[in-house]
Protein chains: 4
Amino acid sequence: MDFQKILNTIEDELSHKEVFGEVASYIPELAKVDPKKFGMYLYCVNKGEYQMGDSLEKFSIQSISKVFTLSIGMKLLGEDLWKRVHVEPSGDPFNSLTQLEYECGIPRNPFINAGALVVADILVSNLDDPKAELLKFVRKVSGNEEIDYDPNIAASEKSTGYRNYAMVYYMKALGNIKNEVEPILDFYFHQCSLAMSCKDLAHAFMIYANQGKIPDTGETILSTKKIKRINSLMQTCGFYDEAGEFSFEVGLPGKSGVGGGIVAIHPEQYSVAVWSPILNKKGNSELGMAALEKLTTMTGLSIF
Amino acid sequence: MDFQKILNTIEDELSHKEVFGEVASYIPELAKVDPKKFGMYLYCVNKGEYQMGDSLEKFSIQSISKVFTLSIGMKLLGEDLWKRVHVEPSGDPFNSLTQLEYECGIPRNPFINAGALVVADILVSNLDDPKAELLKFVRKVSGNEEIDYDPNIAASEKSTGYRNYAMVYYMKALGNIKNEVEPILDFYFHQCSLAMSCKDLAHAFMIYANQGKIPDTGETILSTKKIKRINSLMQTCGFYDEAGEFSFEVGLPGKSGVGGGIVAIHPEQYSVAVWSPILNKKGNSELGMAALEKLTTMTGLSIF
Amino acid sequence: MDFQKILNTIEDELSHKEVFGEVASYIPELAKVDPKKFGMYLYCVNKGEYQMGDSLEKFSIQSISKVFTLSIGMKLLGEDLWKRVHVEPSGDPFNSLTQLEYECGIPRNPFINAGALVVADILVSNLDDPKAELLKFVRKVSGNEEIDYDPNIAASEKSTGYRNYAMVYYMKALGNIKNEVEPILDFYFHQCSLAMSCKDLAHAFMIYANQGKIPDTGETILSTKKIKRINSLMQTCGFYDEAGEFSFEVGLPGKSGVGGGIVAIHPEQYSVAVWSPILNKKGNSELGMAALEKLTTMTGLSIF
Amino acid sequence: MDFQKILNTIEDELSHKEVFGEVASYIPELAKVDPKKFGMYLYCVNKGEYQMGDSLEKFSIQSISKVFTLSIGMKLLGEDLWKRVHVEPSGDPFNSLTQLEYECGIPRNPFINAGALVVADILVSNLDDPKAELLKFVRKVSGNEEIDYDPNIAASEKSTGYRNYAMVYYMKALGNIKNEVEPILDFYFHQCSLAMSCKDLAHAFMIYANQGKIPDTGETILSTKKIKRINSLMQTCGFYDEAGEFSFEVGLPGKSGVGGGIVAIHPEQYSVAVWSPILNKKGNSELGMAALEKLTTMTGLSIF
């Protein structure tokens, strides 16, 4: 299949498409990004690599980082992790406190903010230097030692992150947070600030498409069982309140971030990352969704 | 792969397993079933068929019927159907009125009761004799002209179906029900009462595994796009509040019913039906879930 | 105190006041009322009677009837009534199913619709002819044998009362409704259709201001304990989601209806009824609220 | 009326009554109180004073302090205060975040925790030294210069006050908190720690029974309009989720605290404070409720 031609077609058809959403603005620093940016990177299990547009430019990966921290948390705790966060789709906007109140402090899944904050708490409990460890993990799976946090983004998140503070304090009241609030949120705001390119993300997510192994080295990062769990979670919970729509339109497990990035994987076929900062009403990249839908339509590859 | 051996192993290992749940009792007639029943039927795209236990005995398919009515509804209305029912996972128990109130009468998806009742309303609006048409559809896709409604079950559902009446009246108040309440519920209680065996279900669901076609005749029942949508919905919403868990443990699109039946499909590989009446706390067949988990583990086949 | 002068002042000041709300329209028949109607009737424990405007014209009392049915229900069941309906303010719009779901079918109080429907169920269970008995009660306490149901209003309520059907079926599912649905709703739609004038209402509510006794005859209708309970409920729950505001602005126990009527009582002083069909956003008569606020300000009489 | 005899009877009848609740334990320091404590103090507008039991012993007034801070807030902001907190009963447990989410950060009333925290924010914004000002206010209205905060209680509240932190951060996210979180909570935990006796509270609350004036000096602390508002709020919202029950059983405006104190007033008659640390399931003093119910029954004085 001529993947490069497909990516070129996607670029041609979508880069002039009228979009109606807006760049994320609740984090001041994020609002500064150029809304015209558009890039895509496809990395195949057979090692073919294809790209278009701004695929090498770094952007703020935001919630995509939740897949990395969950992976580390699963390595640390194994099945015990699921005592502190559930695996069911949310059915509520991504920052709902109501759901949390109803379910006694156990978040619905690790990809809503509450769940990611519990995972952050777990990493803070179990790692000497969680920020350094996360960086080490991400650099390794993406094969790029240059990847780093963006301190401006992290500071900007902190300055307006009241809702996340509320959520951590609330779960602490309900007994599901073990550490002090500040180190958890410092870690969380940093993980969201990770700056990566589409290429970095496609490489990093190859472990989820490739049964847990880094293709170049063959090193096993996660067991196939853990990979299956993470992929299943990305399928049912990776897109806030649009998981069902994405599951149908694209038909692949994936994860989006408010920075405008989306990564998706087709097990044993490829991983793919796309970036366009303008978001639809549900908080997912408008062009990113369209690009992935075109990709699976044109390749005919979907898990369904 | 020796599917028969795998089914035999599943039967051996699970038929003596201690189970802790109970047979569904909210419908009096359902409570009469023998809790020891256990059967499984696997039907491959390459036409291999394998079975064990009570695989030829009919049982009440209950919510599994929602996949059939949705299929007919999609044939009737196409994309317009999605104006009246959403495609997102529920995140709430399967009969929640709260969700409905919050979302102004548009059910979260067609597999929660509210959604299935809207689909029933659509069929009542668009078909002269919806009960006859449903029977015709099910007999055709399963290749069994003997399939019929169980009038005792239908009557039993009606006698205790107050919550369903509440839901239809509530959606009528909110403008999302077009017909009188009685014909909708008469149709709905009948669809739930359909009596089918594991073999019938495995055959009927082959269209979802086989790109919309009946293998024996090659006849196309649904377009591949509609099949993808239905499979995606079964993946994210097919198991009440246990969709995430099933998606991980089994890794296949599927649908369960409180009669103890579960059907799942592996696209382009097989469809499989299992029946055991004892339900877990989430309302899914306890042995059925375990049997499908074993099947995907032993075959190594999963969509993730 | 010159009550007549006060009523005249209220009429002068308010009858030309610009109002921004609308007449209730969800019941088609109610929408036909002349929005300019405005009347008030004050009936003192010392037997003085004062009136202004359309105080003798009958209108649909709607939810005000809930006070009468509650009074009958308390006479029938005594304290046992409180096992089936609570006495706490609602905190939610008057027709919320969410609250009901959260509290397992026990309505928050007898003045939200759900609570009044449970009271209706109780009357249907305990009276041979509940419609006749209610009429008998209302005619007696108001001293007007002409009072009757308005069959057009009752039929109009029934034709659009889907939400009330939903509520009764839902509570039946939860075990808090004992009779068939139709007779309960037939009774309920009739009670709401009672046509009474401000004079009728002021007379009828005198029992709540006068320790349970009809002034003219001295006959005791309700014990002082029951009167205290009903007055306390009118104080905390009589005005949908505006109970707190009314409790402050007016400072009297009272009950409003979407027909534009409001009745309030000052224990051991007077009962007062006002009618103006235009409703504010919370569903209470806009001029009625203002008139009662003026009354208590000008008389200096308030329970606080 | 022989109030002293009535108080003696209440002491006799209730001090040996079996109680089933427990002392508040969520604040460690509160759990240390002797559960047998029982005192009551009645202060009449005509200056008669009556007491029994431990009426002169100080205890932690907790939520009763919300009436004082609301009074100061109303003096500072007048009607503008109601833009930031509503006046409707809650209908949900006293610490519900759901309600807050549903109503966009505006608490239902100033006596639920969220509302009191907004009032605390207002005091922090408008007073140079809010802790000193509150002390000054309370000492003045109670006529006792010895009243002070209990630093152990304040520290104990802070150490476990995660839910309050969550609430403040959440309302800050929603735009209804203007200051930094720490000074607000420091003030709030101090206000809750105020140590006062039944005598102190009965004296302090006399301003609400006496049209805003201190009886001894005749000084006006609050306008009659503000007094009416506060009394109305105490009537409808003073007892968490038991406001309706208290309104009926006692029939007076009042406020309770988890320290086991309750204050109630009968406008133009008396103020009364009672203390017994064992709480019922709704979080109100079990004997305190019973004592006030006896008082109004025996005196025949109730606002209804």
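Listing for the model above:
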{"quantity": "Antiparallel %, DSSP beta bridges [both residues in the stretch B:3-299], to 5", "calculated": "100"}
{"quantity": "Cα pair count fraction exceeding 60 Å, expressed as % - the protein assembly as shown", "calculated": "20"}
{"quantity": "Exposed-site-free run, longest, chain B (rule: trypsin sites (Lys or Arg not before Pro); DSSP loop; at most 12 other C-beta within 10 Å)", "calculated": "B:48-280"}
{"quantity": "Neighbour-count order for B:Phe246, C:Phe68, fewest beta carbons within 10 angstrom listed first", "calculated": "C:Phe68, B:Phe246"}
{"quantity": "Efficiency of FRET between A:Trp82 and B:Glu49 - r from beta-carbon atoms, R0 25 angstrom, step 0.05", "calculated": "0.10"}
{"quantity": "Simple label model, 7 Å out from Cα along Cβ direction - C:Thr9 to D:Lys75, nm", "calculated": "3.1"}
{"quantity": "Simple spin-label estimate for A:Asp2 and C:Thr160 in nanometres, 7 Å along Cα-Cβ", "calculated": "6.3"}
{"quantity": "Nearest-0.05 FRET efficiency for D:Cys104 and D:Lys281, computed from C-beta distance (R0 41 Å)", "calculated": "0.85"}
{"quantity": "Point-to-point label distance, D:Ala132-A:Thr297, nm (Cα→Cβ direction, 7 Å offset)", "calculated": "7.0"}
{"quantity": "Karplus (6.51, -1.76, 1.60) ³J(HN,Hα), θ = phi - 60°, over the stretch B:273-285, in Hz, Gly and Pro reported as x", "calculated": "10, 9, 9, 7, x, 7, 9, 7, 4, 8, x, 10, 4"}
{"quantity": "Packing-based exposure ordering (other Cβ within 10 Å, fewest first) of B:Phe111, C:Phe20", "calculated": "C:Phe20, B:Phe111"}
{"quantity": "Positive-pole candidate from D:Pro253, D:Ala209, D:His190, dipole of the stretch D:180-280, charges at beta carbon", "calculated": "D:Ala209"}
{"quantity": "Calculated FRET efficiency for the pair D:Ser125/B:Gln211, C-beta based, R₀ 56 Å, to 0.05", "calculated": "0.30"}
{"quantity": "Inter-centroid distance (Cα atoms) of the stretch B:81-135 relative to the stretch C:7-45, Å", "calculated": "42"}
{"quantity": "Residues with amide H under 5 Å from that of B:Glu180, placed H, sequence gap 5 or more", "calculated": "none"}
{"quantity": "Size of charge dipole - the protein assembly as shown - debye, nearest 20, with Cβ of Lys, Arg +1 and Asp, Glu -1, no other charges", "calculated": "0"}
{"quantity": "Under 5 Å, built H, 5+ apart or other chain: amide partners of A:Val23", "calculated": "A:Leu279"}
{"quantity": "Cα-only Debye scattering, the stretch A:3-299: base-10 log of I(q)/I(0) at q = 0.09, 0.16 Å⁻¹", "calculated": "-0.38, -1.31"}
{"quantity": "Check: chain B dipole with +1 on Lys, Arg Cβ and -1 on Asp, Glu Cβ, in debye", "calculated": "600"}
{"quantity": "Longest to shortest principal axis, alpha-carbon extents of the stretch B:1-125, angstrom", "calculated": "49, 37, 25"}
{"quantity": "Residue exposure sequence - D:Ser55, A:Ser90 - by fewest surrounding Cβ within 10 Å", "calculated": "D:Ser55, A:Ser90"}
{"quantity": "Top positive-direction residue, dipole computed over the stretch C:3-299 with Cβ charges, set C:Leu127, C:Phe111, C:Met289", "calculated": "C:Leu127"}
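Quick note: the coordinates plus some simple rules give every number you see, no bench work behind them. Given the structure is predicted, the values throughout are model-derived calculations rather than measurements. Cβ coordinates were reconstructed from backbone atoms using ideal geometry, including for glycine residues, and neighbour counts include every protein chain displayed.
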